[in-house]
Amino acid sequence: MLQHLHIKGLALIDELEIDFSKGFNVVTGETGAGKSILIKALSLLFGDKAQPDIIRHGFDETQVVGVFEVAPDHAVLKKLSFVGLNFDEDKSPKEILIRRKVHVKGRSMMWINDVPVSLGVARDISAALMDVFGQHASHGLLNPAYHLKSLDAFLPKPELKKTYRETYDEVLAEYKSLQKTVSDYFKRAGDKDYLAFRLNELSDFNPTTEEYDRLLEICRSSGKLMGKKKHLSQSLDILEGGYKNEAISKGLWTASKSLQGVEKCEGFQGSIEEAARIVDDVSFELRRFFESIDLSEDDIETHQQRLGSYQSLLRRFSLQSVEQLMAKLADLQSELDFLENAKQNMTDAIKKLWTQCQKLEALGKELSLARRTAFKKIKGVIEKELGQLAMPGARLEVEWQPIEHSLEAIHWEGLVDKKSAEQFASVCDIMSSLQADGAEKIHFLLQSNPGEPARALHKIASGGEMSRIMLALKKVLALGAQTCVLVFDEIDTGISGEVADIVGQKLCKLAKQFQIICISHLPQVSVYADAHFLVSKQRGARTQSSISKLSQKESTEELARLLSGDKVTASSLANAKALRAHADQIR
């Protein structure tokens, strides 16, 4: 429901606040008092275009704010989530604040819960909350885009449309995937030999991160290792070839033996033997260390060449790491696999798509038949409603327009066999006669008078007649809808007496499922309202309009004024009280 409305700087309004009732709200007032300003304010929230001339003189901008409350399962919440607006799951009901500003320089801005949105988004959101049926409005059921949705609410099998839509989405996704496959094939086919060459080059090279890291480490440390090996070699040359080209320790052992028997040299002999043992031990350990450095200059050169090949490949493919080089190898293999298998994959995809399209076509025919059945079901009920609303000769018809659109051509020469090409042609024939909502567009037409041609609803000129048609359609077609607010402007134009009373009763009943805001000039309609608002114009130094909520006593006096004119008389007041007693009995 529309809980609160704030208007500032619009037409004759300086600033005002309105708190609406949950059920049936009626707005009355003398001609020219400014009732249409309320409709204009609501239309601004609806995302209607606005010109700077609507701004009250002396103001830089006009601002309208509407505060709506919706149930936690309302469809509008899903729409809002798509634009990044989410709500506290524990809070119920959910509050939606829509704000519109129009600047005197022509700039227009909208916010939903203080998040800036485009007018297109605002229209989509507002359409799920509110239908405005003004004398020149074209929202809701006045817009042919809503006709199909309204009719589908009465399908014999409600799940049929969902099944059709899901199947259509699957077929469309498969069709687009096939288009992409063909497009990708033609883009890549000319590069097949080049891709194969590059793949062979990388496959033969067989890059791995482990090898690359090892080569990098070896090449970085090879200088130090070769230096160590050089010094070890020099030491070993001396230790192992320093005595007659033999090891130094052998010379020491010979020197020790030479001192045997020499008086007073036994101590020297022991020292020489100890030195020989130490030299042997050191020589052994150095040799083992030397041989553990399993690296030669030839090895280093080989490793450096291999590392250089890695770096050359990285530069050639404009890559930063070996991981990317390995991923490139996988991509090349995938591209070649695609080209090798593309024709068979296309044939398989066409067969699958053709099978899906047969199912979709059957569902489309079933949905079309169900819609015709649904229209027959509601046609008589709506015409009866129109008869009760002083349109006894009115007849409702539907214009069924088959879907016709072309699909982007796909050239199959040399790609698939004749059978597959024929199957795809059949797919195109089917898809060109279907859309996401089925095989047809519909427009509600109205024959308002016998002998006159049926015309589209949005071409009906009379504002009051148009509003009554919307009342009848809404009552029958939209009882399952989640629209929060229905706004009727001058719905009672051209009626009076008993018909006006019937209109009031219908609005009262409709208000049990929707919040109703109705601008009226008839007491027979106004008396059924749950809340009565009066628009008045104050003429002083500067004219301005205001809207006030009436008490029951004030409402009765306003009903009496509507009955008699500007002056309330005793008889008109008595009639007003009688009208209220009658309405209270019927409620």
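The values are calculated or read from the model by the stated rules, or taken from the named source; none is laboratory data. What you see is a predicted model, and the numbers here were worked out from it, not measured in a lab. Backbone-built Cβ (ideal geometry, glycine too); neighbour counts: all protein chains shown. With ligands, DNA and RNA removed, areas are computed over all heavy atoms of the protein, side chains included. Shrake-Rupley method; radii C 1.70, N 1.55, O 1.52, S 1.80 Å.
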**OP:** For segment 1-61, state the average projected area of the convex hull of the C-alpha atoms over all orientations, rounded to one decimal in nm².
**Re:** 4.7
Original post:
Which of the peptides 350-363, 110-123 is most tightly packed, and how do the rest follow, going by the mean number of other Cβ atoms within 10 Å of each residue?
Top reply: 350-363, 110-123
**OP:** Please turn the phi angles of segment 569-581 into ³J(HN,Hα) values with the Karplus equation 6.51 cos²θ - 1.76 cosθ + 1.60 (θ = phi - 60°), one per residue in order, whole Hz, x for glycine and proline.
**Re:** 10, 4, 5, 5, 5, 5, 4, 5, 5, 5, 4, 5, 4
**OP:** Averaging over all projection directions, find the projected area of the Cα convex hull of segment 50-122 and quote it in nm² with one decimal place.
**Re:** 5.3
Subject >> Tail beyond 22 Å, pair distance distribution of segment 338-471 (Cα, percent) >> reply: 56
Subject >> Cross-link partners of Lys577 among lysines (Cα-Cα below 18 Å; sequence separation of 8 or more within a chain) >> reply: Lys553, Lys567
**OP:** Return the loop-located trypsin sites (Lys or Arg not before Pro) in segment 485-541 (DSSP other than H, G, I, E, B) with at most 16 other Cβ atoms within 10 Å of their own Cβ; answer none if there are none.
**Re:** Lys512, Arg539
Original post:
So what are the ³J(HN,Hα) numbers for segment 49-56, from phi and the Karplus equation (6.51, -1.76, 1.60; θ = phi - 60°), rounded to whole Hz, Gly and Pro as x?
Top reply: 5, 9, 9, x, 6, 7, 6, 4
**OP:** Report, to two decimal places, the Cα Rg of segment 523-587 normalised by 2.2 N^0.38 Å (N = number of residues).
**Re:** 1.22
**OP:** Keeping the other protein chains in place, figure out the carbon and sulfur percent of the accessible area of segment 328-468, with a 1.4 Å probe.
**Re:** 50
Original post:
How much of the accessible area of segment 48-135, probe 1.4 Å, is carbon plus sulfur, in whole percent?
Top reply: 49
Original post:
Rounded to the nearest 0.05, what FRET efficiency do Phe186 and Phe289 have when you use their Cβ-Cβ distance and R0 = 56 Å?
Top reply: 0.30
Subject >> Cα-based Rg of segment 314-403 normalised by 2.2 N^0.38 Å, two decimals >> reply: 2.43
Subject >> Per-residue HN-Hα couplings for segment 394-402 [Karplus 6.51, -1.76, 1.60; θ = phi - 60°; Hz; x = Gly/Pro] >> reply: 6, 10, 9, 10, 10, 9, 9, 10, x
Subject >> Förster-model FRET efficiency, 56 Å R0, His57 and Leu155, C-beta, rounded to 0.05 >> reply: 0.60
